[in-house]
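Q: Okay, here's the structure, questions in a sec.
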Amino acid sequence: MEKNNWPEIGEFVVCTVKDVTDFGAYTTLEEYDGKEGFIHISEIKAGWVKYVRDHVREGQKIVCKVLNVDPSRRHIDLSLKDVNEHQKRAKIQEWKSEQKATKWLQFVAEETGTNEEEMQKVAQKLAEHFGSLYSAFEEAAMIGANAFNDVKLKKKLTASIVQIAQNNIKLPYVDIAGYVDLTCILPEGIEVIKSALIAANDIQEENVRVDITYTGAPRYRIKVIAPDYKKAESVLKKAATTAVTTIEQLGGKGEFHRHNDTVKA
């Protein structure tokens, strides 16, 4: 699942120090299939460096900035001194997250019986759409299968990704719920209620998940999971209002219940 292309100038990369010399250090780039990079002694640390080994050692994982790339010579120039602590921590976290996501995708392959070639295509598709593999799993953990509405994946792959994501990623979120009472005495009343629930469930915002369940006639529970309380309340109100408005337009009745209050749309 690793990148087979070359890094871009200015990009931060995770490297393993391969060989330390008097004039610099050779490294392998973890995210680029082990391609080799070189850190000149002048790029090890700001100021004068007497011994390179005082600052890096073989086997050490470091974060470097790409200074120059020459694919024809298979050469990459790197800088260690141009990476601050914040950039280092952020890059290491990103790299570790991608490693986890790659492992999870292997679990998906095993669970669904998907061969390696097809799984590589899936990985590429997810990375292109979401920006990274981990982001794809993160979205799946938050909003479920709806995260893949615009990505053409087999249903078994989507279901497996969602299950693994929700079992492994614990995102900070708030979980609130409200209730709508929906009734319709028309002959097609059941279809009218379904239409209202579908309309409510179509309310979508980034990083928000909406689940609607039947609790007993005529009540339906609307559960919202969101990154913060304000957004959760906003989406809950939108979903409930949409359900009530839709059913009233189609000839039925609806009420929204929240915190022991009743609000008619």
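Readers should treat all values here as calculations from the given coordinates under stated rules, not as data from a laboratory. From a predicted model like this one, the values you see are computed outputs, not experimental measurements. A quick note on method: Cβ atoms are made from the backbone with ideal geometry, for glycine too, and the neighbour counts reach across all protein chains shown.
Q: Place +1 on the Cβ of every Lys and Arg and -1 on the Cβ of every Asp and Glu in the chain, take the dipole about the Cα centre, and give the residue among ALA101, SER195, ASN167 whose Cα lies farthest towards its positive end.
A: Value: ASN167.
Q: Additional query: Output the 0 to 90 degree angle, nearest 10, between the alpha-carbon long axis of helix 116-130 and the longest principal axis computed from the alpha carbons of the chain.
A: Once rounded, one gets 80 degrees.
Q: Could you list PHE38, PHE23 so that the one with the fewest beta carbons within 10 Å of its beta carbon is first and the one with the most is last? Intermediate results must be reported in sequence, preceding the final value.
A: Details: PHE38 20, PHE23 11.
Lowest count first: PHE23, PHE38.
Q: To continue, here is another question. Based on the Cβ-Cβ distance from GLN124 to ALA217, what FRET efficiency comes out when R0 is 35 Å, to the nearest 0.05? Don't skip to the answer; put the middle values down first.
A: On the way: r = 48 Å, r/R0 = 1.36.
Given R0 = 35 Å and the Cβ-Cβ separation, E is 0.15.
Q: Only counting other Cβ atoms within 10 Å, I'd like HIS86, HIS129 sorted with the fewest neighbours first. Mind showing how you got there, number by number?
A: Numbers: HIS86 8, HIS129 16.
The most exposed by this proxy come first: HIS86, HIS129.
Q: In addition: Among all the aspartates and glutamates, which ones have a C-alpha under 13 Å from LYS223's C-alpha, if same-chain residues fewer than 8 places away are not counted?
A: Filter leaves ASP175, ASP211, GLU233.
Q: Same structure again: If you look for lysine pairs in segment 87-168 that are eight or more places apart or on different chains, how many of them have Cα atoms under 26 Å apart?
A: Value for segment 87-168: 29.
Q: What is the magnitude of the charge dipole of segment 12-83 about its Cα centre, with +1 placed on the Cβ of each Lys and Arg, -1 on the Cβ of each Asp and Glu, and no other charges, expressed in debye to the nearest 20? Walk me through the numbers on the way to the answer.
A: Working: 11 positive and 12 negative charges, 36 e Å.
Value, rounded to 20: 180 debye.
Q: Using only Cα atoms, tell me the angle between helix 133-143 and the longest principal axis of the chain; keep it within 0 to 90° and round to the nearest 10.
A: For 133-143 against the chain, the angle is about 20 degrees.
Q: Distance between Cα centroids, segment 42-78 to segment 129-197: provide it in whole Å.
A: Between the Cα centres of segment 42-78 and segment 129-197 lies a distance of 45 Å.
Q: Could you tell me how many degrees, from 0 to 90 and to the nearest 10, lie between the Cα long axis of helix 229-249 and the main elongation axis, the longest principal axis, of the Cα atoms of the chain?
A: 40
Q: While we're looking at this one, here's another question. Name the residue from ILE76, TRP48, TYR26 whose Cα lies farthest towards the positive end of the charge dipole of segment 1-111, charges +1 on Cβ of Lys and Arg and -1 on Cβ of Asp and Glu.
A: Farthest along the dipole direction, towards plus: TRP48.
Q: Still on this structure, please answer the following. About the Cα centre of the chain, what is the dipole size in debye to 20, counting +1 per Lys and Arg Cβ and -1 per Asp and Glu Cβ, all else neutral?
A: Values: 37 positive and 40 negative charges, 106 e Å.
Approximately 500 debye in magnitude.
Q: Can you report the principal axis dimensions of the chain using only the alpha carbons, biggest first, rounded to whole angstrom?
A: Extents along the principal axes, in whole Å: 86, 41, 27.
Q: When averaged across all projection directions, what area in nm² does the alpha-carbon convex hull of segment 12-83 cover? Show your work: numbers first, answer last.
A: On the way: hull surface 17.1 nm².
Value for segment 12-83: 4.3 nm².
Q: Can I ask one more? Would you work out the relative contact order for segment 124-265, in percent, from Cα pairs under 8 angstrom that are 6 or more residues apart?
A: Working: 235 pairs, mean separation 36.2, N = 142.
Here the relative contact order equals 26 percent.
Q: May I have the pair-distance distribution P(r) for segment 95-188, computed from all Cα-Cα distances with 5 Å bins from 0 and rounded to whole percent?
A: 2, 12, 23, 23, 13, 6, 6, 5, 5, 3, 1, 0
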